[in-house]
Amino acid sequence: MPQPPIPGRIPGEQLFFGRRKGRPLRVGMQALLDGRLPDLAVPADFAGDPRGWFARPADPARPAPAQPRAVWLEIGFGGGEHLAWQAAHNPDVGIIGGEPFLNGVASLLRHLQDQGLDNVRIVADDIRPLVAALPAGSLERIFVLHPDPWPKRRHHFRRIVQHASIARFHELLVPGGELRIATDDPAYLRWILARVTTHPGLRWTGRRMADWRIRPDDWPETRYEAKARKEGREPAYLKFVKV
């Protein structure tokens, strides 16, 4: 018997590389996917100003929230620790999170429920169709934290950071908006800098080693990052501003 579509999942045949699901979800986590994701899913047609997506309450028992002053986007939020932290510390901002790995989506939903957060909307799928559909100048901040480096040369085309994607991120950001990228892979770090710094509309804020080796106070550590440090890989924290 066919399964019903997952809320936040984008229909279509776009080629995707990566995992959709890991080990079976516990009953409680599956209940979060079934019960909470429909209320938090980004509209399937991506219609309208993205700030309007936050004007309906995720919890029907709560009053409708005011439109956020700005919208941020996190691409590949993993277990959701960083996204939930940003949502809790920036209640006047609406944050869109994209993550195709359903175990990670369930983890984020748990964080949102535990903290009572209502300013997050989710795409439980490949984020590229949304990135293509968003209006220019609709985002104040974009996060791409520890994306898969796809280290084999024949897989480099799968990397999220490409000249075309950087150009699109630039279009989506408001003037003065930020693109934040983190990686613990030295080869991917060189790849990222070679692509972002050649864009004339984005300025790297790093001037000394501490600017990109020391994690800023408003950049919380994730489980993946802690694991990388434990295994001897030091992350780089890159911040670029639209000029």
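Could you identify which residue out of Gly177, Gly94, Gly35 has the top mean-square fluctuation in a GNM of the chain using Cα springs shorter than 10 Å? The residue with the greatest mean-square fluctuation here is Gly35. Summing charges over all other residues whose Cβ lies under 15 Å from the Cβ of Gly176, with Lys and Arg as +1 and Asp and Glu as -1, gives +3.
Of all DSSP beta bridges located in the chain, what percent are antiparallel, nearest 5?
30 percent
With neighbours defined as other Cβ atoms within 10 Å of a residue's Cβ, the residues Thr222, Thr205, Thr183 order from fewest to most as Thr205, Thr222, Thr183.
In segment 97-240, taking the dipole from charged Cβ atoms about the Cα centre, the farthest positive-side position among His155, Phe101, Ala136 is held by His155.
For a paramagnetic label modelled on Arg203 (point 7 Å from Cα along Cα→Cβ), amide N atoms under 14 Å away belong, within segment 162-177, to 175-177.
Mind sorting His156, His82, His170 by how few other Cβ atoms lie within 10 Å of their own Cβ, fewest first?
Arranged by neighbour count, lowest to highest, His156, His82, His170 become His156, His170, His82.
Comparing Arg141, Arg180, Arg153 in a Gaussian network model of the chain, where Cα atoms under 10 Å apart are tied by springs, the biggest mean-square fluctuation is seen for Arg153.
Near Ser165, once Lys and Arg are set to +1 and Asp and Glu to -1 for all other residues with Cβ below 10 Å from its Cβ, the sum equals +4. Net charge dipole, the chain: roughly 920 debye, given to the nearest 20, about the Cα centre with Cβ charges of +1 for Lys and Arg and -1 for Asp and Glu. Dividing the helix sum by the residues of the chain, where each DSSP H run of 4 or more adds -39500 (n - 2.57), gives a mean residue ellipticity at 222 nm of -8500 deg cm²/dmol. Computed over the chain, relative contact order equals 19 percent, with contacts defined as Cα pairs under 8 Å that lie 6+ residues apart. Please label the shape of segment 93-229 as rounded, prolate or oblate, based on the square roots a ≥ b ≥ c of the eigenvalues of the alpha-carbon gyration tensor (a/c under 1.5 means rounded; beyond that, a/b larger than b/c means prolate, else oblate). Since a/c stays below 1.5, the shape of segment 93-229 is classed as rounded.
What does the convex hull of the alpha-carbon atoms of the chain project to on average, in nm²? The partial results should precede the final answer.
Working: hull surface 56.3 nm².
Orientation-averaged projected area of the Cα hull: 14.1 nm².
Considering the chain as a Gaussian network with a 10 Å cut-off on Cα pairs, which listed residue, Ile160, Ile96, Ile214, attains the greatest mean-square fluctuation? Comparing Ile160, Ile96, Ile214 in a Gaussian network model of the chain, the most mobile one is Ile214.
Using the 10 angstrom Cβ neighbour count as an exposure proxy, how do Met209, Met29 rank, fewest first?
By the 10 Å Cβ count, ascending: Met209, Met29.
With each label modelled as a point 7 angstrom along the Cα→C-beta vector, the Arg190-Ala164 pair spans 2.5 nm.
None of the figures in this text is laboratory data; all of them are computed from the coordinates on show. It should be emphasised that the depicted structure is a prediction, and the values quoted were computed from it without experimental measurement. Backbone-built Cβ (ideal geometry, glycine too); neighbour counts: all protein chains shown.
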